[in-house]
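Peer 1: Encoded as structure tokens, here's the structure I'll be asking about.
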Protein chains: 2
Amino acid sequence: MASESNAPPLLDLTIDNITPNTNRINSQCKDQRLVYLMTRLVTHLHDFARETRLSSEEWMAALNFLVGCGQISNDVRHEFILLSDVLGLSLLVDSINHPKPPKSTEGSVLGPFHTHDAPTMPSGGDMSSDPEGVPLLCICTVKDINGKPIKDVKIDIWETDSSGHYDVQHEGRDEKGPSERCVMLSDEEGTFWFKGIKPVSYPIPHDGPVGKLLEKLGRHCWRPAHLHFMFEKEGWDHLITALYMRGDKYETSDAVFGVKQSLIVDTTMADKATAEKYGVKEGTTLLKHDFVLVTKQETDDLKDKNAMEALEKLGLRMKLVDHLPIPELD
Amino acid sequence: MASESNAPPLLDLTIDNITPNTNRINSQCKDQRLVYLMTRLVTHLHDFARETRLSSEEWMAALNFLVGCGQISNDVRHEFILLSDVLGLSLLVDSINHPKPPKSTEGSVLGPFHTHDAPTMPSGGDMSSDPEGVPLLCICTVKDINGKPIKDVKIDIWETDSSGHYDVQHEGRDEKGPSERCVMLSDEEGTFWFKGIKPVSYPIPHDGPVGKLLEKLGRHCWRPAHLHFMFEKEGWDHLITALYMRGDKYETSDAVFGVKQSLIVDTTMADKATAEKYGVKEGTTLLKHDFVLVTKQETDDLKDKNAMEALEKLGLRMKLVDHLPIPELD
């Protein structure tokens, strides 16, 4: 502010000068990416307060909401991922970081229930210990955009049990160990197959602050039935996705915005030959799917191109360092 | 609450359409103020991710940072208030909600250390039990803008001990009870006076996520020496402020942006007459200050005027309901 030009730094801060001053003090940092992130964060945060004339009570309620999210979180529950999911941020961040060229498998939200302790199984393994679940035979391939199989891809697969809960949502999970989750490797033909149970729709955890927020907003907390998949192999873009069962009641109202038409799948029933070959009962629900991965290089190129185009459209003069924008200084 | 069938279908969400769709689904809520807050929040959050091309790793680091802030918080520590403080948000929210007409006492940040269990003391009480502190005699008045004394104002006063820690930062506070804090009432002349200790500069709690963030940003975590005051009386605008000791090393670089020139004070030494009158040793450090409160009505009027002007400047067509803006619908 002109009237403060003779004042020493950081004195008499007001609605109008707090933002540039906060950004100035944060710009002492040598990490230019962090400076850019903080500058945009502070600017948006302050603009939010100015546009809404945020009241002291609303401010305090928001801070207490955030404490609540942190305090209900633990090793197997991440309320802030859930918050990011229901605000559409998770879908957005995934879309920015994993752009998909035509014909490749689209991504979906990770959700808060992936764990790192799933047992590795050979193809044919049964990932579920739930006797109430409807048996599912799932036969998949993973290939490149030209239809060439990709071998030795590490595939994480996880789903809920028939009650709509992930294993980590049950008491005693430490003793019982993981269930309804496994890790597989694709073979020379890019194939992997497993036995699981037919996914069911389920409510996201709604006993915490995020559930209360959805209730206040008049939103339901359900996700349509799906199976999670995560694909990893050096040189290939990390793919986090899910397959959604066609016809689910929540197909077009997923609480976390994850559904894409290309990820909605149909199931059939295993015929006699298939049943014999894969060691299941005839008539078992059968899901077949072909996943298509993109190389890391192709993804990086597409991501860089999208970034530069978007930033230019926003009128921002930026350069990319390690594929992340920082301001271009004169 | 709108039924599901009224909600727009949510399918194939992308970088470009996730924001309007999230806002549309949140707009089912009947509370128009909450809808407005959520709309601005989601828009800023998404714009932040789009402008920074936020990476999945940065997103995860941010969510884990927030979990850390929640988990280190407890009854006597609120890491999110601290975060709001160091990001300049607290100062901004206070400025929006408590605009000050000329001649009134300016506000400052509340900080995370106010408690509700301070003992009520008559004027003359000694709020400190710290034998290491430099004794301070503080004689104050509270008046209106025309110089008329205001009686029966409830005044909360709190400061650190001589080591720069609030009582709640020490072990065993539950047993020992509050120290360096008290509540007083102004008398017929608007006067209140107390014995305390001379404030010292101190670092804000920096053993948690917020401290680590400041370190990463190359910012120090110090606050200049100050005494906190909070004034409450029906019909008068709630005043949260502080008095800062002139000449402090951190006077112009307060980690939480709280210092205003009008709140920087000088101390003198109690002369013989004063010492005798107030029951302290001659030469005791003496701080005299006159606080000026504004009526609730005057503050509300000023707040409404500022809000409408600011929103108009932003090109937003809004109306105020309970002094808070919501969009003016056609």
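Peer 1: Being surrounded by 14 or more Cβ atoms within 10 Å (Cβ to Cβ), assigned to a loop (DSSP other than H, G, I, E, B) and not aliphatic (A, V, I, L, M) is the filter here; which residues of the range B:271-314 pass it?
Peer 2: Within the range B:271-314, B:T284 is the sole residue that qualifies.
Peer 1: Can you pull out the residues in the range A:73-91 that are acidic (D, E) and either within 9 Å of the chain's Cα centre (by Cα) or modelled with pLDDT of 95 or more (or both)?
Peer 2: A:E79, A:D85 - these are the residues of the range A:73-91 that are acidic (D, E) and either within 9 Å of the chain's Cα centre (by Cα) or modelled with pLDDT of 95 or more (or both).
Peer 1: Among the residues of the range B:95-110, is any among the basic types (K, R) and touching an Asp or Glu at 6+ places or on another chain (Cβ under 6 Å)?
Peer 2: Scanning the range B:95-110, I find at least one residue that is among the basic types (K, R) and touching an Asp or Glu at 6+ places or on another chain (Cβ under 6 Å), so the answer is yes.
Peer 1: Answer yes or no as to whether B:S108 is within 14 Å of chain A (Cβ to nearest Cβ) and either over 28 Å from B:V294 (Cβ atoms) or among the small types (G, A, S) (or both).
Peer 2: Yes.
Peer 1: Just give me the residues in the range B:189-206 being touching a residue at least 40 places away in the same chain (Cβ under 8 Å), part of a loop (DSSP other than H, G, I, E, B) and surrounded by fewer than 21 Cβ atoms within 10 Å (Cβ to Cβ), in sequence order.
Peer 2: Within the range B:189-206, B:E189, B:K198, B:V200, B:S201, B:P205 meet the criteria.
Peer 1: Also: Just for the range A:214-233: of the residues that are in contact (Cβ under 8 Å) with a residue 40 or more places away in the chain and facing chain B (nearest Cβ under 10 Å), which one is nearest to B:S27 (Cα to Cα)?
Peer 2: The residue in question is A:R219.
Peer 1: Would you point out which residue out of A:D94, A:D117 is modelled with pLDDT of 95 or more and either farther than 19 Å from A:A255 by Cα or within 20 Å of the chain's Cα centre (by Cα) (or both)?
Peer 2: A:D94
Peer 1: A further question follows. Would you call A:G147 at positive phi, away from every other protein chain (no Cβ under 14 Å), part of a loop (DSSP other than H, G, I, E, B) and touching a Pro at 6+ places or on another chain (Cβ under 8 Å)?
Peer 2: Answer is no for this residue.
Peer 1: Take A:I157 and tell me if it is in contact with a helix residue (DSSP H, G or I) (Cβ under 9 Å, 6 or more places away or on another chain) and at pLDDT 95 or above.
Peer 2: Criteria not met by A:I157.
Peer 1: Collect the residues in the range A:234-262 that are within 27 Å of B:Q28 (Cα to Cα), in contact (Cβ under 8 Å) with a residue 12 or more places away in the chain, within 12 Å of chain B (Cβ to nearest Cβ) and not in a loop (DSSP other than H, G, I, E, B), keeping them in residue-number order.
Peer 2: The answer is A:Y244, and nothing else.
Peer 1: Right, here's the next one. Is at least one residue of the range B:138-157 out of contact with any Phe, Trp or Tyr (no Cβ under 8 Å at 6 or more places or on another chain) and crowded, with 20+ Cβ neighbours inside 10 Å?
Peer 2: Checked the range B:138-157: no residue is out of contact with any Phe, Trp or Tyr (no Cβ under 8 Å at 6 or more places or on another chain) and crowded, with 20+ Cβ neighbours inside 10 Å.
Peer 1: Name the single residue that is farthest from B:E51 (Cα to Cα) among those in the range A:307-330 being aliphatic (A, V, I, L, M) and more than 11 Å from chain B (Cβ to nearest Cβ).
Peer 2: Result: A:L329.
Peer 1: Sticking with this one: Restricting the search to the range A:141-163, which residues are of a type outside the set (D, E) and touching a Ser or Thr at 6+ places or on another chain (Cβ under 7 Å)?
Peer 2: A:T141, A:V142, A:I145, A:P149, A:I150, A:K151, A:V153, A:I155
Peer 1: Taking only the range B:207-233 into account, find how many residues are outside any loop (DSSP other than H, G, I, E, B), out of contact with any Lys or Arg (no Cβ under 6 Å at 6 or more places or on another chain), within 30 Å of B:L136 (Cα to Cα) and among the charged types (D, E, K, R).
Peer 2: Qualifying residue count for the region: 1.
Peer 1: When you scan the range A:168-187, do you find a residue that is farther than 30 Å from B:D31 by Cβ and touching a His at 6+ places or on another chain (Cβ under 6 Å), even just one?
Peer 2: no
Peer 1: Now, a different point. Looking at the range B:207-239 only, could you name the residues that are under 25 Å from B:G70 (Cβ atoms), of a type in the set (A, V, I, L, M) and surrounded by 23 or more Cβ atoms within 10 Å (Cβ to Cβ)?
Peer 2: If the condition is that a residue be under 25 Å from B:G70 (Cβ atoms), of a type in the set (A, V, I, L, M) and surrounded by 23 or more Cβ atoms within 10 Å (Cβ to Cβ), then B:V210 is the only one that fits.
Peer 1: Same structure again: Tally time: how many residues in the range A:140-168 are farther than 16 Å from A:T120 by Cα and in contact (Cβ under 8 Å) with a residue 60 or more places away in the chain?
Peer 2: Total satisfying the criteria: 8.
Matching residues to (1) surrounded by fewer than 18 Cβ atoms within 10 Å (Cβ to Cβ); (2) among the acidic types (D, E); (3) touching a Leu at 6+ places or on another chain (Cβ under 6 Å):
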site	(1), (2), (3)
B:D161	no, yes, no
B:H165	yes, no, no
B:V168	no, no, no
B:G172	yes, no, no
B:D187	yes, yes, no
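Peer 1: Another one. Go through the range A:91-105 and count every residue that is under 27 Å from A:K143 (Cβ atoms) and within 10 Å of chain B (Cβ to nearest Cβ).
Peer 2: Adding up the residues that qualify gives 8.
Peer 1: Moving on. Tell me which of these B:R173 doesn't satisfy, since it passes every other one: (1) farther than 28 Å from B:Y278 by Cα; (2) without any contact (Cβ under 8 Å) to a residue 12 or more places away in the chain; (3) over 22 Å from the mean Cα position of the chain (by Cα).
Peer 2: (2)
The values are calculated or read from the model by the stated rules, or taken from the named source; none is laboratory data. Given the structure is predicted, the values throughout are model-derived calculations rather than measurements. No Cβ is skipped: glycine too gets one built from the backbone with ideal geometry, and neighbour counts run over all protein chains shown.
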